[in-house]
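Quick note: the coordinates plus some simple rules give every number you see, no bench work behind them. None of these values were measured; they are calculated from a predicted model. Quick reminder, even Gly has a Cβ in these numbers, built from the backbone with ideal geometry, and neighbours come from all protein chains shown.
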Amino acid sequence: MTNTKQVCDLCGLDIELSSFTLKTKEGDKAFCCEGCKGIYQLLNEDQILPEPNQN
Ligand SMILES: [Zn+2]
């Protein structure tokens, strides 16, 4: 059984609940909350890949 704990790519906190993820040119990023995801998105706009199932 793998038990790899994910940490937030913005603030570094453990991700306990279902993560908020973003696809970027550098790979998938995971965040602990909507806020961290939003800030990362703002800071790395050019790195974010479009989400095909979000419209
Ligand atoms: Zn965070």
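Just how large is the dipole of region 1-47 about the Cα centre, in debye to the nearest 20, putting +1 at every Lys and Arg Cβ and -1 at every Asp and Glu Cβ?
80 debye
So what is the calculated 222 nm ellipticity per residue for the chain, using -39500 (n - 2.57) for each DSSP H run with n of 4 or more, over all residues, to the nearest 500 deg cm²/dmol?
Calculated at 222 nm, the ellipticity per residue is -5500 deg cm²/dmol.
Cross-link candidates for LYS5: which lysines have Cα within less than 16 Å, leaving aside residues fewer than 8 places away along the same chain?
LYS5 reaches LYS29.
Arrange the following residues from fewest to most other Cβ atoms within 10 Å of their Cβ: LYS37, LYS5.
Ordered by Cβ neighbours within 10 Å, fewest first: LYS5, LYS37.
Can you tell me the orientation of helix 34-43 relative to the chain, as the angle in degrees between its alpha-carbon axis and the longest Cα principal axis, to the nearest 10?
Approximately 40 degrees, to the nearest ten.
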